[in-house]
Amino acid sequence: IGRSLLRPLRVLSRAMTTVAGGDFDVRVPVTSNDEVGALTGQFNSMVEGLRERERIRETFGRYVDESVASAILHREGQGVLAGETREATVLFTDIAGFTTIAEYLSPDRLVLALNEYLETVLAPIRAHGGVVNTFIGDGLFASFNMPLACDDHAAAAVRAAIDIQRAVGSRTFGVDGVALATRIGISTGSVIGGSVGAGQRMSFTLLGDTVNLASRLEELNKQHGTRILVSESTCTACNGEFAFAALGSMTVRGRSDAVAIFSVDPNGQEIPS
């Protein structure tokens with residue numbers, strides 16, 4: 001009798017050890033209808049729930065940056081991130097002349113080239129502690145220090161921008177070998193972050209003047225023939241770490257007052273501290 005009771009408990013114990021190691025494919029057969037059988041059934045249900053949660057996390061992580069997905073999934077089941085305000089640096093990218101490129105590439109080849117390009121852009125952002133919030137057509141919107149903490153976030157964003165330009169400029173993309181030039185705008189300041197939406201459709205996003213300015217700076221690269229433009233606040237926060245070139249004050253769309261803008265040479269070197 002003792003062996004008949006201990007045997008299923010040992011099987012269950014080994015299965016728990018397997019699950020603790022991260023393997024959620026285990027399933028223990030229910031061989032009795034007593035308390036041990038009930039416990040085994042509950043264990044199988046628990047593992048099924050863990051397996052489903054892992055599947056959601058993996059799927060979610062494909063559409064939301066991993067750090068954002070983890071933060072949401074760990075908020076005790078709320079499924080949202082409450083609004084908060086924090087000092088952060090925002091970075092926008094866009095491909096120069098993408099509309100023209102899209103006219104002569106077939107859809108499948110265009111998507112292939114774009115995906116290769118985005119993988120190239122993503123790597124420096126993540127390497128320097130940034131979070132990609134969303135893809136916007138052929139560009140993306142990333143942040144440093146929101147929601148993932150990032151020390152010296154202004155300089156981290158500029159380093160990421162320089163690395164992006166070097167990586168993108170040194171290769172072509174897709175089977176057609178398309179060169180994709182990138183424009184980048186960066187701004188530092190107060191940012192509001194949180195989950196917004198309605199009903200079952202929610203999205204983590206960032207709001208505020210800092211976000212709008214970074215987007216406008218990306219657009220201004222067209223006018224100045226530059227690749228990276230940063231706001232005065234970003235330039236100041238970098239504490240002389242980079243060789244910025246002042247381009248004067250400009251009126252940007254959506255703002256009544258002029259803003260000072262600065263460019264940085266992606267092929268230049270950081271100034272030694």
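If I take R0 = 51 Å and measure r between the Cβ atoms of Asp34 and Asp265 in this structure, what FRET efficiency does the formula 1/(1 + (r/R0)^6) give, to the nearest 0.05?
On the way: r = 75 Å, r/R0 = 1.47.
For R0 = 51 Å, the calculated efficiency reads 0.10.
Could you sort Ser143, Ser256 by accessible area so the largest value comes first, with the probe set to 1.4 Å?
Final ranking, largest accessible area leading: Ser256, Ser143.
Can you tell me how much longer the chain between Thr100 and Val175 gets when fully stretched, taken as 0.36 nm per residue apart minus their C-alpha distance, in nm with one decimal?
Details: separation 75, 0.36 × 75 = 27.00 nm, distance 1.74 nm.
Computed gain between Thr100 and Val175 is 25.3 nm.
Could you please state how large a percent of the accessible area of the stretch 159-247 is carbon and sulfur, counting protein chains only and using a 1.4 Å probe?
C and S fraction of accessible area: 48 percent.
Around Ile184, what is the net charge, scoring Lys/Arg as +1 and Asp/Glu as -1 over all other residues with Cβ under 14 Å from its Cβ? Provide the component values of the computation, followed by the final result.
Details: positive: Arg159, Arg166, Arg183, Arg216, Lys222, Arg227; negative: Asp94, Asp138, Asp163, Glu218, Glu219, Asp265.
Spelling it out: positives minus negatives among the neighbours equals 0.
State, to one decimal in nm², a quarter of the convex hull surface area for the C-alpha atoms of the stretch 100-167, i.e. the direction-averaged projected area.
That works out to 4.8 nm², a quarter of the Cα hull's surface.
Can you list, largest first and rounded to whole Å, the semi-axes you get for the stretch 134-197 by taking the square root of 5 times each eigenvalue of its Cα gyration tensor? Don't jump to the answer; show the numbers that get you there.
Numbers: eigenvalues 142, 51, 15 Å².
Over the Cα atoms of the stretch 134-197, the semi-axes work out to 27, 16, 9 Å.
How big, in percent, is the set of alpha carbon pairs in the stretch 96-225 lying more than 18 Å apart? Walk me through the intermediate numbers first.
Values: 4793 of 8385 pairs.
Tail of the P(r) past 18 Å holds 57 percent of the pairs.
The values are calculated or read from the model by the stated rules, or taken from the named source; none is laboratory data. Remember, it's a predicted structure, so these values are computed and weren't measured experimentally. We place every Cβ from the backbone using ideal geometry, glycine too, and count neighbours over all the protein chains shown. Side chains are part of the model used for accessible areas, which takes the heavy atoms of the whole protein and leaves out ligands, DNA and RNA. Shrake-Rupley method; radii C 1.70, N 1.55, O 1.52, S 1.80 Å.
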